[in-house]
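The next block holds one structure in the form of structure tokens; read it before the comments.
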Amino acid sequence: SAVISQKPSRDICQRGTSLTIQCQVDSQVTMMFWYRQQPGQSLTLIATANQGSEATYESGFVIDKFPISRPNLTFSTLTVSNMSPEDSSIYLCSVIAYEQYFGPGTRLTVT
Amino acid sequence: DAKTTQPPSMDCAEGRAANLPCNHSTISGNEYVYWYRQIHSQGPQYIIHGLKNNETNEMASLIITEDRKSSTLILPHATLRDTAVYYCIVRVAHHKAAGNKLTFGGGTRVLVKP
């Protein structure tokens, strides 16, 4: 299994600002994913972040809005840029370590 | 990935078995059936997966029909801590080059009552 931590666990931000979310894994993993869960909704994949390559974004998500870094096999960041209230969601990091595991999420509220 | 259909919600009694159905009539031959659950305010948790044989682990049992078009997750003795949203997902196994992504549907909101 893999133990995943995220920072911050929650934040309240003003519109127009940016927030960077960190994801740390306790073991080296090749495949890492970022998901968004809007209030009352299911999870939606934002992008796949593999070390050593550009992140691959799903339809409806763009790099300018959600830039991702993946500097090594245990760490990644997701930035939510130029935030609006519609970005209020839980953002989850996920990795594949035999099975797919999820972090606890970062609860973001944009006012 | 093939789509799945689950009832939006169900109640079950504490101590009784909970049987959660899932339809996946368009599943491909190389796609597995995965189950995850999400307890309130937590990230999704892996439960079990299977290809065509029934599977059992310490958390649950997975029964897959012979034609693989549907499956049932069984929680043998539901507890209050099993209250969660349960997601049935079909996908190619994680180690395959393609189809690594988990695509979540609406899931079934399970409420275990005392």
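Quick note: the coordinates plus some simple rules give every number you see, no bench work behind them. Not measured: the values here are computed from a predicted model. Every residue, glycine among them, receives a Cβ derived from its backbone with ideal geometry; neighbour counts consider all protein chains shown.
At an R0 of 22 angstrom, the distance between the Cβ atoms of residue A:42 and residue B:54 translates into a FRET efficiency of 0.25. For segment B:8-29, the residues whose amide N sits under 12 Å from a probe point set 7 Å from the Cα of residue B:69 along the beta carbon direction are B:23-27.
What residue among B:52, B:69, B:101 has the largest mean-square fluctuation in a Gaussian network model of chain B, using Cα springs under 10 Å? In the Gaussian network model the winner is B:101.
The label-point distance for residue A:72 and residue B:30, in a model that sets each label 7 Å from Cα toward Cβ, rounds to 3.5 nm. In percent, rounded to a whole number, the relative contact order of chain A is 38, using alpha-carbon pairs under 8 Å and six or more apart.
Eigen-decomposition of the gyration tensor built on the alpha-carbon atoms of the protein assembly as shown gives equivalent ellipsoid semi-axes of 31, 20, 15 angstrom, largest listed first. Shown is the FRET efficiency for residue A:53 and residue A:13, computed with R0 = 30 Å from the Cβ-Cβ distance and rounded to the nearest 0.05: 0.55.
So which of A:7/A:65; A:7/B:52; A:65/B:69; A:65/B:101; A:7/B:69 end up more than 31 Å apart, counting from Cα to Cα? Check vs 31 Å cut-off fails for A:7/B:52; A:65/B:69; A:7/B:69.
Taking loop as defined by DSSP and a crowding limit of 13 other beta carbons within 10 Å, which GluC sites (Glu not before Pro) in segment A:22-106 fit?
Filter output for segment A:22-106: A:54.
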